[in-house]
Every structure is written in structure tokens, then in C-alpha cells.
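> This structure is in C-alpha cells; I'll ask about it shortly.
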Amino acid sequence: MKLTYFIADVHLGLDYLNPIAREKKFASFLENLPSDTGRVYLLGDIFDFWYEYKDVIPRKFTRTLGALAHLCDKGVDVHFFCGNHDVWTYNYLQKEIGVIVHKAPAIVAIDGHNFFLGHGDALLDNNRSYRCLRWIFHNRFIQLCFSALHPRWAFLLGHSWSRHNRLTRYNTEDEASIKANKEKLEKASVVWAADFIQKQATAGQSMVEHFILGHYHIPLSIKIEGGADLSILGDWLYNPDYIVFDGVSLERKSLLIEQGEV
């Protein structure tokens with residue numbers, strides 16, 4: 001069986017820590033995937049800010065785009081799930097690179113196993129303010145208005161907003177809040193996944209065995225009642241990891257450990 005890889009929250013382009021090294025690390029990771037790799041699922045926020053104009057795309061990602069194109073040219077199925085930072089993905093990745101773009105979470109069958117895959121935003125933390133913000137991001141009229149801005153100002157605005165939000169979060173987090181957030185996330189994940197499975201059973205649908213999400217930047221692996229499991233991927237800022245599926249079982253791997261950084 002072919003190997004399947006799951007990655008999320010690389011946040012390429014975020015001017016924090018060392019963005020150039022992060023992009024090189026990610027591109028190198030893609031270029032050095034084993035020859036028996038069959039599928040790669042990018043589960044959102046691969047780019048910290050991505051906006052496609054008709055004739056303009058963001059710079060800084062040449063190595064990554066080349067690595068993705070090379071994978072597609074070799075016959076690897078590369079799936080790109082839009083996150084809340086790279087939701088403005090239209091057709092460039094599909095037409096120019098060969099990537100398969102998903103605008104919403106999906107249930108996917110891989111080697112006879114059912115996976116629920118998605119970025120994860122609006123699933124476990126779907127509060128009113130975030131729903132409003134998400135509606136704004138997805139509103140086509142607002143997107144068209146944003147497209148009227150010159151790319152210089154649009155990208156400046158997008159990157160500045162994203163960096164401000166990210167630094168605000170990191171600067172206000174301490175060990176106690178991180179622990180509390182992880183416990184809260186774990187409880188919410190169990191409730192949401194169990195409810196989803198119950199709805200599937202009621203509707204007579206095939207059961208999901210594995211849930212894999214990004215977005216929350218907290219590596220998490222938990223068992224769900226009934227035999228399913230849920231995994232949340234870490235980010236590539238502090239917790240660069242990925243999950244690989246060999247057709248039988250899932251294995252989470254850490255790049256920090258592989259590269260001798262911990």
C-alpha cells in the first residue's frame with residue numbers, strides 16, 4: 001500500500017522566528033518523501049496569508065510550490081484543504097500545480113478506512129464572533145472588494161493582521177494557559193467527535209474511523225468511544241509534526257526529533 005501523509009499549519013510567510021528557514025524545511029520535507037508516497041493531505045494554513053488575484057500570486061513560496069508541483073508530476077495525489085489563513089485559494093494551485101483543492105471538510109476513504117479530514121476551524125470553537133469573522137472571509141462580495149486593492153497594500157494588510165494576531169496569542173500564553181487550553185480542546189474534541197459519530201449511525205452512514213484536524217496548534221491524539229480516534233496536528237512554528245498512514249495504522253512523527261533538535 002502507498003503511504004499517506006497529513007500536515008497542517010506550516011504558516012509559510014509569517015514573519016516570526018525564521019520564516020525563510022521554515023519554508024526551506026517544509027520544501028525539503030516534501031522533496032524527501034519516500035518513493036512509496038501515494039497521497040499528501042495539507043490540512044489548512046499551509047500559507048499564513050494567501051490571496052490570488054487573476055494575474056498575481058504571493059511571492060516567497062517558490063521552493064514549496066516547486067516541491068508540490070514535483071510531487072503532482074510524479075503521480076502523488078496532493079490535497080489542499082483551505083484553512084482560515086489561506087481560504088482565498090481559487091484556481092492557481094489546481095491549474096498550475098495540479099493540487100486538488102477542498103473548500104470544506106470531507107470524509108475520505110483511504111485504503112478502505114474512512115477519514116474525516118479538514119482544517120478544524122468552526123468545528124470545535126464555533127463561537128458567534130468567529131462565525132461572523134468566518135462569514136466575512138468567505139463572502140464573495142467582500143472578496144471582490146478586497147481584490148480591488150493594489151496587491152502591495154492587500155498583502156501588507158493581510159500579513160500585518162495575521163502577524164499581530166499570532167504574536168498577541170504567543171505573548172499572552174503561559175504554561176498554565178497552554179495546559180488549560182489543551183484540556184479544554186480535548187474535552188471539546190471528544191464531545192464533537194462522539195456527536196458526529198452518533199449522527200452518522202442514526203443516518204445509516206459508514207462510520208468514520210479517524211478524525212484528523214489542524215488549526216489549534218496543539219498536538220493531540222485521543223480515543224473516541226466506539227473505537228475511533230481523533231488527532232490534531234501541531235504547527236510548524238513550535239511543534240512541527242506530521243502523521244503518516246501505512247494503510248493499517250497511523251503514526252505521528254516529530255520533525256524536531258528526526259532532526260535532532262530535541
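> Taking only pairs six or more apart or across chains, which ones have beta-carbon atoms under 9 Å, a first residue in the stretch 219-239 that is in contact (Cβ under 8 Å) with a residue 60 or more places away in the chain and open to solvent by less than 10 Å² (accessible area, probe 1.4 Å), and a second residue that is in a loop (DSSP other than H, G, I, E, B) and of a type in the set (Val, Ile, Thr)?
Matching pairs, first to second residue: ILE232/ILE218; GLY234/ILE218; ASP235/VAL10; ASP235/ILE218.
> Specify the residue that is nearest to HIS11 (Cα to Cα); the eligible residues are those in the stretch 58-94 that are surrounded by fewer than 18 Cβ atoms within 10 Å (Cβ to Cβ) and of a type in the set (Ser, Thr, Tyr).
Across the stretch 58-94, the extreme among qualifying residues is THR62.
> Could you please find all residues in the stretch 240-250 being in contact with a Phe, Trp or Tyr (Cβ under 8 Å, 6 or more places away or on another chain) and either farther than 14 Å from GLY120 by Cβ or open to solvent by 60 Å² or more (accessible area, probe 1.4 Å) (or both)?
TYR242, VAL244, PHE245, listed by residue number.
> Oh, and also: Among the numbered criteria (1) touching a Leu at 6+ places or on another chain (Cβ under 6 Å); (2) assigned to a helix (DSSP H, G or I), which one does GLY120 miss?
(2)
> In the stretch 180-196, is there at least one residue being crowded, with 18+ Cβ neighbours inside 10 Å and β-branched (Val, Ile, Thr)?
Looking for residues that are crowded, with 18+ Cβ neighbours inside 10 Å and β-branched (Val, Ile, Thr), one finds none in the stretch 180-196, hence no.
> Okay, moving on. Anything in the stretch 1-57 that is buried (at least 22 other Cβ atoms within 10 Å of the Cβ), among the hydroxyl-bearing types (Ser, Thr, Tyr) and in a loop (DSSP other than H, G, I, E, B)? List them, or say none.
The answer is none; no residue qualifies.
> In the stretch 146-164, what residues are closer than 19 Å to ASN84 by Cβ and exposed (fewer than 11 other Cβ atoms within 10 Å of the Cβ)?
HIS164 - this is the single residue of the stretch 146-164 that is closer than 19 Å to ASN84 by Cβ and exposed (fewer than 11 other Cβ atoms within 10 Å of the Cβ).
The values are calculated or read from the model by the stated rules, or taken from the named source; none is laboratory data. What you see is a predicted model, and the numbers here were worked out from it, not measured in a lab. Neighbour counts are summed over all protein chains in view; Cβ atoms, including those assigned to glycine, are modelled from backbone coordinates with ideal geometry. For accessibility, only protein heavy atoms count, side chains too; no ligands or nucleic acids. Shrake-Rupley method; radii C 1.70, N 1.55, O 1.52, S 1.80 Å.
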